[in-house]
Amino acid sequence: MDFNYTEEQLALQNTLRRFIARDYPFEHRRALAKSADGFDRAAWKTFADFGILALPFHEDFGGLNGNAVDTMLVMEMLGRGLALEPYVSTVVLCGGLIRDAGSAAQKEALLPAIAGGELMLALAHFEPGGRYELDRVATTASATGSGWQLDGAKAVVLGAPAADKLIVSARDGSGISLFLVDAKAPGVTLRTYPTQDGARAADIRLSKVMVGADALLGTAGNALPVIERALDYANAAFCAEAVGIMSALNEVTLEYLKTRKQFGQPIGKFQALQHRMADMVIATEQARSMATLAAVRVDSADVALRNRSVAATKAYVGAQARFVGQQAVQLHGGMGVVDELNVAHYFKRLTMIGLTFGDADYHLGRFSDTLLAA
Amino acid sequence: MDLNFTAEEQLFREDVRSFLRAKLPGEISRKVLGGKHLAKNDFVRWQQILHAQGWGAVAWPVAHGGTGWNPVQQHIFDEECADAGAPLQLPFGLKMVAPVIMAFGNPAQQQYFLPRIIDGTDWWCQGYSEPGSGSDLASLKMRAVRVNSPEGDHYVVNGQKTWNTLGQYADWIFCLVRTSNEGRRQEGISFLLIDMKTPGITVRPIIMLDGEHEINEVWFEDVKVPVENLIGEENKGWTYAKFLLGHERTGIAGVGRSKRELKKLKEIAAKESNHDRPLIEDQRFRDRIAQVELELMALEITNLRVISAEGEKRAPGPEASILKIKGSEIQQLLSELKMQALGHYALPYVEEALDAGWPGDALMDGYGDYSAPLSGQYFNIRKTTIYGGSNEIQKNIISQMILGL
Ligand SMILES: Cc1cc2nc3c(=O)[nH]c(=O)nc-3n(C[C@H](O)[C@H](O)[C@H](O)COP(=O)(O)OP(=O)(O)OC[C@H]3O[C@@H](n4cnc5c(N)ncnc54)[C@H](O)[C@@H]3O)c2cc1C
């Protein structure tokens, strides 16, 4: 057993912590959320300089050979800063898909560009009406001789408005396949919007979208296990982000309990609130343990173990995040429900993480089904 | 023991229903049921319609234009209004300041203010909380100094109120102000009625976490208030405010609205699909609905027990606090489950979809018109355990004042 970060990891963590504190204060973030892009392109370049856009890729493709523990520490820091940049969409999800399923030529063309901050991508997988089920893909891919024609609709594609390319899942006779599609290709229509937590997403219509044979990512009909793996990575990353947010929320709440005075004393002197705060810290430590478990196991080649660990973590962290978010708001009184303070924004982000790629109940179901299989 | 409504009560319910069918404007109820933005005039218009029917203030004494209905009838009325999608009758005038004016105001105040409340002429807001005085309200600082002058004696008011709900629309604000620093803090507080048009008052919006403008800061700079606007005696304001807290029990539980929201939750769960089946067939989710329904069933009976016993002379018990705590928790759970039922389709923040008449968006299929407000409602409804005496304060009341711990 070894729960320690390496020297390199600690250095990266420090770099990110300093960046968030100095260059990504809450006021900046608040303005970004209202800007046209909805995130900071300069920060994205800085991320490239830090190397975090290159983390999970092999050095042959401009990567740093990082693992999911590296991603965990990045996400925790991005969580603290409530960073709006589409890191999970581009690096974890799409980068991961290209890394795991791409041909040498595709990796060559795309991974260095991601690592360098020049290319952004979004995964267009989930569809209207399909909820969280991974295999509910009605979008079709028809072979055209020279390539494929894609038709269908995708819902809540995170990071789509900024994406240069989309990775689209579609069904042909043999099963589900993945395609690289230029976001500006004819027949691709985006309905963009902000999300409840200030990020950006889009609903997408694909109508007679023509792509070449080289757009296929991986082998035709076999994408489901690859998608499942990428979403496990994304969920592990979101859990780490949630833990970063929960820690930050505990810090601001603790500070508030010490400074806000009512009845002639700091409200932190009231035992009811002391116990609540203690419960919030307990929840966060427990969540951190599970996020660590997911980060270590998501890299495992044992698919059942990987699935089970991530499902357990998303279910568990979801419940703890709900508690910590709600209570942080509650303990701030009226100050907890205003747009001007970071508290409500942390709370909203935690809530939306809880609804992304399966909520706590969905993952509890996935985990509890494994009890039958055992 | 009989938990059924009597035949008369059922007839009464029918009367209320047919009134609502005939008189509640569809463009208003559609907004309420669809979670759309309501304009000031929607509230005012509904108040006028109720008033024309003689139901503008059902709980008031008949002498002031009330109905004389018993608490069970009032409860039925609340429930039917909520179910039909009537706008909430805002409590600030009808349920908060009016009972104080009736109990402690002078005849001139009663004659001037009460008719203007019941017919919807005046919009009232509540000015109790201050930045430094929330749960500990008695620490409030806003100063009112009495000045004798030839043009008429008046108070000069300086200070700040905050968290003021819908004050941006208000004609009048009722305030607790400090008129003395002698003795106990509670004994230096007075109850003042202030015309919002008085020079020196500035209303600044506070945007809430759902992006809505529902609350405000209200600043007072040398605001002149005629002494005629003092309620009762100077330095007795705390007593009047406390009278108010114990006064109103029907309604705090919000049973009617929660029943409506439960119905809506079931509708959403029947519409959303999960594994190609309606979500409501998913046992894990259905059990969550069932659990909150159990809470609501219990609260409904508790509420009826409490209001049926109203009028009996007894020492004050924990009832009002129980209704507030459970009522707010249930509202929060219902809003959370509605959002959860949508899954990731609850992520988009489409502001224009909150306006009545939004035509929908062809590119966002899979979303009902109903989905847009749900996340915002969940965020917004966190307020219910904070305001009106936070749930922690309610538990202090039960444990300290009632149980003597
Ligand atoms: C949306 C909204 C609308 C409102 N509308 C109005 C309005 O129209 N008019 C008006 O006057 N006010 C209004 N309020 C104010 C509301 O009444 C106060 O927010 C409330 O009294 C809590 O005060 P506070 O916000 O200062 O929190 P604080 O009193 O600072 O409380 C912070 C936290 O400490 C807890 N706490 C405080 N004291 C104790 C204790 N002794 N034991 C245990 N826990 C304690 C609280 O429960 C809370 O969790 C509104 C508030 C909101 C959020």
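The values are calculated or read from the model by the stated rules, or taken from the named source; none is laboratory data. Note that this is a predicted model, so its numbers are computed, not measured. Backbone-built Cβ (ideal geometry, glycine too); neighbour counts: all protein chains shown. Heavy atoms of the whole protein, side chains included, go into the accessibility calculation; ligands, DNA and RNA do not. Shrake-Rupley method; radii C 1.70, N 1.55, O 1.52, S 1.80 Å.
Things worth noting here:
- Rg/Rg_ref, chain B, where Rg_ref = 2.2 N^0.38 Å and atoms are Cα: 1.04
- Long-range amide H partners of B:V58 with built H, under 5 Å: none
- The C-alpha atoms of chain A define a longest principal axis, and helix A:7-23 lies at about 70 degrees to it.
- Whole-angstrom Cα spans of chain A along principal axes, big to small: 79, 49, 43
- Applying Stokes-Einstein at 25 °C and 0.890 mPa s to the Kirkwood radius of segment B:124-236, computed over alpha-carbon pairs, gives a translational diffusion coefficient of 172 µm² s⁻¹.
- Theoretical ellipticity at 222 nm over chain B - DSSP helices of four or more residues, -39500 (n - 2.57) apiece, nearest 500: -13000 deg cm²/dmol
- Per-residue mean of C-beta atoms belonging to partner chains within 10 Å, peptide A:128-134: 6
- Rg over Rh for segment B:253-401 works out to 1.06, both radii taken from alpha-carbon positions and Rh defined as the Kirkwood radius.
- Annotation: lysines with alpha-carbon distance below 23 angstrom to A:K208 (same-chain offsets under eight excluded): A:K154, A:K165, A:K184.
- Residue-wise HN-Hα couplings along segment A:287-293, as the Karplus relation 6.51 cos²θ - 1.76 cosθ + 1.60 with θ = phi - 60° gives them from phi, are 5, 4, 4, 5, 5, 5, 4 Hz; Gly and Pro carry x.
- Peptide A:260-268 - average C-beta neighbours from other chains (10 Å radius): 3
- Over segment B:189-264, Cα pairs under 8 Å with separation of 6+ residues give a relative contact order of 35 percent.
- Förster radius 51 Å - calculated FRET efficiency between A:E228 and B:E221 (Cβ-Cβ, nearest 0.05): 0.20
- When nucleic acids and ligands are ignored and a 1.4 Å probe is applied, B:I381 ends up with an accessible area of around 40 Å².
- Note on B:335-348: average number of Cβ atoms from other chains within 10 Å of each residue's Cβ is 6.
- As a length-normalised measure over Cα pairs under 8 Å and 6 or more apart, the relative contact order of segment B:246-405 settles at 27 percent.
- DSSP bridge orientation in chain B - percent antiparallel, rounded to nearest 5: 85
- For chain B, the longest principal axis of the C-alpha atoms and the axis of helix B:237-247 are separated by about 30°.
- Rounded to the nearest 10 square angstrom, A:E340 shows an accessible area of 120 square angstrom against a 1.4 Å probe.
- Spatial separation of Cα centroids for segment A:1-69 and segment B:321-345, in angstrom: 36
- Charge sum, other residues only, whose C-beta stays under 10 Å from A:F263's C-beta, Lys/Arg counted +1 and Asp/Glu -1: +1
- Where only DSSP H runs of four or more residues are counted, chain A gives -17000 deg cm²/dmol as its mean residue ellipticity at 222 nm, each run worth -39500 (n - 2.57).
- Altogether, the Stokes-Einstein calculation at 10 °C and 1.306 mPa s, with the Kirkwood radius of segment B:66-131 over Cα pairs as Rh, returns a diffusion coefficient of 117 µm²/s.
- Angstrom value of the Kirkwood radius, inverse mean 1/r, which spans all Cα pairs in segment A:7-119: 14.3
- In order along segment B:19-33, the Karplus-derived 3J(HN,Hα) couplings, from 6.51 cos²θ - 1.76 cosθ + 1.60 at θ = phi - 60°, round to 4, 5, 4, 7, 10, 6, x, x, 5, 7, 5, 5, 5, 4, 6 Hz, and Gly and Pro are given as x.
- Extents of segment B:7-89, taken as max minus min of Cα coordinates on every principal axis and listed largest first, are 34, 28, 18 Å.
- Placing one equal scatterer on every Cα of the protein assembly as shown and applying the Debye formula, the log10 ratio I(q)/I(0) at q = 0.04 Å⁻¹ is -0.19.
- Residues whose placed amide H lies under 5 Å from that of A:L119, excluding near-sequence neighbours: A:I114
- Distances between placed amide hydrogens fall under 5 Å for B:D282 paired with no residue 5 or more residues away or on another chain.
- Angle in degrees between helix A:360-373 and the longest Cα principal axis of chain A, rounded to the nearest 10: 70
- By average C-beta atoms within 10 angstrom, highest first, the peptides A:21-32, A:223-234, B:339-350, A:43-54: B:339-350, A:223-234, A:43-54, A:21-32
- Our estimate of slack between A:A373 and A:A36, defined as 0.36 nm per intervening residue step minus the Cα-Cα distance, is 116.5 nm.
- Remark: accessible surface ordering of B:Y387, A:Y132, B:Y370 (largest first) is B:Y387, B:Y370, A:Y132, probe radius 1.4 Å.
- Candidate residues A:Y316, B:Y128, B:Y112: accessible-area rank, largest first, probe 1.4 Å: B:Y112, A:Y316, B:Y128
- Relative contact order of chain B, pairs being alpha-carbon contacts under 8 Å that are 6 or more residues apart, as %: 14
- The trypsin sites (Lys or Arg not before Pro) of segment B:261-341 meeting both criteria, a DSSP state outside H, G, I, E and B (loop) and at most 11 other C-beta atoms within 10 angstrom of the site's C-beta, are B:K313, B:R314.
- In this structure B:S29 has an accessible area near 20 Å², from a 1.4 Å probe over the protein heavy atoms.
- Across segment A:95-107, rounded Karplus estimates of 3J(HN,Hα) from the backbone phi angles (6.51 cos²θ - 1.76 cosθ + 1.60, θ = phi - 60°) give x, x, 5, 5, 4, 7, 10, x, 6, 4, 5, 5, 4 Hz, Gly and Pro being marked x.
- Where the Cα pairs of segment A:224-373 fall when distances are cut into 5 Å bins, in %: 2, 10, 19, 19, 16, 12, 9, 6, 4, 2, 1, 0, 0
- Looking at segment B:350-405, none of the trypsin sites (Lys or Arg not before Pro) sits in a DSSP loop with at most 10 other Cβ atoms within 10 Å of its own Cβ.
- Applying 1/(1 + (r/R0)^6) with R0 = 30 Å to the Cβ-Cβ distance of B:A309 and A:Q274 gives a FRET efficiency near 0.25.
- Straight-distance candidates among the lysines for linking to B:K271, with alpha-carbon spacing under 18 Å and chain neighbours fewer than 8 residues away dropped: B:K263, B:K338.
- Residues A:E108 and A:A304, FRET efficiency given R0 of 30 Å [Cβ-Cβ distance, rounded to 0.05]: 0.40
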